[in-house]
Amino acid sequence: MADKLAGVEASAVSLLTRAVELDNSRRFTESLVCYQEGIQLLLDVTKAVKEEAKKQRFRQRIAEYMDRAEKLKKHLEQEKETGQYHEQLHIEDNSTGHSYERVFGRFFEDIVTVVDIEDPYIRSTHQVYNLLRFCELLVKSKCNIKQINLTTGKDESKNSQQESRLNEITESLCKYNVQLVVTYSASLHDREIRFNNGWIIKIGRGLDYFKATNGRFCIGFCDFDLRQCHETTIDIFHRKHTQTKYSVE
């Protein structure tokens, strides 16, 4: 029991240390998630600890972190309300720990019903797999996702193969009551993902920022948190009234 409690406390300390680091780097949305998760673990430890002196010390630390988390939450709400929120994340070459769940997961709120994806390069096999992974994440998240709108470029050399693969994803999503609407554009260059809760994510490389592994049986082939990345920049914005191509009643 003591070992388990020590492990939970260590996890809490690690999360809260990371929260402060992200806070200082102005990566506020990530920081808030770490604060919330770390505080919850510290609360669990406090309930289990017997010594009153330790309980008091933990309560003081929790109060300090909760105060900062609350101020951060209010700051985010104010920035979102005025449409001025902007956060930038730089992914370094060969770095790991940037799976779609890590990058996008904190924006998957239960009010999200529509997602717009604009990426001119959903064409080759690995790029379509990237889209599939992103769709899987949406389906299993707490979003009440109803529609995904994809705007991409047409692969003129292998058009039938591209359409066949996207149609397969479309049919698969139907089983989860999610509609995939695919639009082709020859003039699309920017890469952007919009959620109808107001969050807008612009990624220099779109969904295609992971490097290939050396083989199919290498660490990182399945778990994308362990997959090395290409260098890219992610810009995060919030707009109170986000335009989506379809609104679910």
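The values are calculated or read from the model by the stated rules, or taken from the named source; none is laboratory data. Note that the structure is predicted; figures quoted are calculated from it, not measured. So basically every Cβ, Gly included, is an ideal-geometry build from the backbone, and we count neighbours across all protein chains shown. In case anyone asks, the SASA skips ligands and DNA or RNA and just uses the protein heavy atoms, side chains included. Shrake-Rupley method; radii C 1.70, N 1.55, O 1.52, S 1.80 Å.
Just from its helices, what would the mean residue ellipticity at 222 nm be for the chain, if runs of 4 or more DSSP H residues each count -39500 (n - 2.57) and the sum is divided by every residue, rounded to the nearest 500 deg cm²/dmol?
-15500 deg cm²/dmol
Heads up, I need the accessible area for VAL8: 1.4 angstrom probe, whole protein in place, Å², nearest 10.
Approximately 40 Å² for this residue.
In whole angstrom, how long is each semi-axis of the equivalent ellipsoid of region 56-177, when you take the square root of 5 times every eigenvalue of its Cα gyration tensor and sort them from largest down?
37, 17, 15
At 1.4 Å probe radius, can you tell me the per residue accessible area of region 80-211 in Å²?
49 Å²
Using only the heavy atoms of the protein chains and a 1.4 Å probe, how would GLU101, GLU156 rank by accessible area, largest first?
Heavy-atom accessible area, descending, gives GLU156, GLU101.
With the cut-off at 31 Å, tell me which of the pairs LYS142/LYS240; LYS73/LYS146; LYS154/LYS202; LYS80/LYS175 have Cα atoms farther apart than that.
LYS80/LYS175
How big is the accessible area of PHE28 in square angstrom, nearest 10, if you roll a 1.4 angstrom probe over the protein chains?
Using a 1.4 Å probe on the heavy atoms, I get roughly 20 Å².
Considering Cα pairs under 8 angstrom that are at least six residues apart, work out the relative contact order of the chain and quote it in whole percent.
Relative contact order comes out at 23 percent.
Just want the answer: with Cβ charges of +1 for Lys and Arg and -1 for Asp and Glu, which residue in LEU138, LEU188, THR213 is farthest toward the dipole's positive end in region 124-241?
LEU138
Please give the length that would be gained between HIS126 and VAL20 if that part of the chain were fully extended, namely 0.36 nm times their separation in residues minus their C-alpha to C-alpha distance (nm, one decimal).
34.6 nm
Would you rank ASP3, ASP225 by solvent-accessible area, highest first, keeping every protein chain in place and using a 1.4 Å probe?
ASP3, ASP225
If the only charges are +1 at each Lys and Arg Cβ and -1 at each Asp and Glu Cβ, what is the size of the charge dipole of region 96-198 around the Cα centre, to the nearest 20 debye?
Charge dipole, region 96-198, about its Cα centre: 240 debye, nearest 20.
Picking from PHE195, PHE237, PHE58, which is most flexible by a Gaussian network model of the chain using Cα springs under 10 Å?
Taking springs between Cα atoms under 10 Å, the residue moving most is PHE58.
Probe radius 1.4 Å, ligands and nucleic acids ignored: give me the carbon and sulfur share of the accessible area of region 125-209 as a rounded percent.
Percent of accessible area from carbon and sulfur atoms in region 125-209: 43.
If I model a spin label as a point 7 Å beyond the Cα along the Cα-Cβ vector, how far apart are those points for CYS174 and GLN60 in nm?
Taking the two extended label points, one gets 6.3 nm.
Please give the length that would be gained between GLU136 and GLU81 if that part of the chain were fully extended, namely 0.36 nm times their separation in residues minus their C-alpha to C-alpha distance (nm, one decimal).
16.8 nm
Report the antiparallel proportion of the DSSP beta bridges in the chain as a percent, rounded to a multiple of 5.
Here the antiparallel bridges make up roughly 65 percent for the chain.
If the only charges are +1 at each Lys and Arg Cβ and -1 at each Asp and Glu Cβ, what is the size of the charge dipole of the chain around the Cα centre, to the nearest 20 debye?
For this selection, approximately 440 debye.
With +1 assigned to the C-beta of every Lys and Arg and -1 to the C-beta of every Asp and Glu, and no other charges, what is the dipole magnitude of region 11-91 about the Cα centre in debye, to the nearest 20?
It works out to roughly 340 debye.
Between rounded, prolate and oblate, where does region 154-212 land on the alpha carbon gyration tensor, with a ≥ b ≥ c its root eigenvalues, rounded for a/c under 1.5, else prolate if a/b exceeds b/c?
Oblate is the answer for region 154-212, as a/c is 1.5 or above yet b/c matches or exceeds a/b.
By how many nm would the segment from ARG102 to VAL8 lengthen if fully extended, with 0.36 nm per residue of separation less the alpha-carbon distance?
Roughly 31.7 nm would be gained on extension.
If I compute Cα extents along the principal axes in Å from the structure I just sent, which labelled value in (1) 62, 45, 34; (2) 70, 46, 35; (3) 56, 48, 38 lines up?
(2)
Of all the accessible heavy-atom surface of region 1-118, with the other protein chains kept in place and a 1.4 Å probe, what percent is carbon and sulfur?
C and S fraction of accessible area: 48 percent.
Can you list the GluC sites (Glu not before Pro) in region 17-69 that are in a DSSP coil and have 14 or fewer other beta carbons within 10 angstrom?
Sites meeting the loop and neighbour criteria: GLU51.
Restricting to Cα pairs below 8 Å that are 6+ residues apart, what does the relative contact order work out to for region 130-196? Please round to a whole percent.
About 41 percent, as a whole number.
For region 42-87, what class follows from the C-alpha gyration tensor (a ≥ b ≥ c being the square roots of its eigenvalues): rounded when a/c is under 1.5, otherwise prolate if a/b is larger than b/c, else oblate?
Cα axes put region 42-87 in the prolate bin.
Could you grab the relative contact order for region 67-195? Cα pairs under 8 Å, six or more apart, rounded to a whole percent.
30 percent
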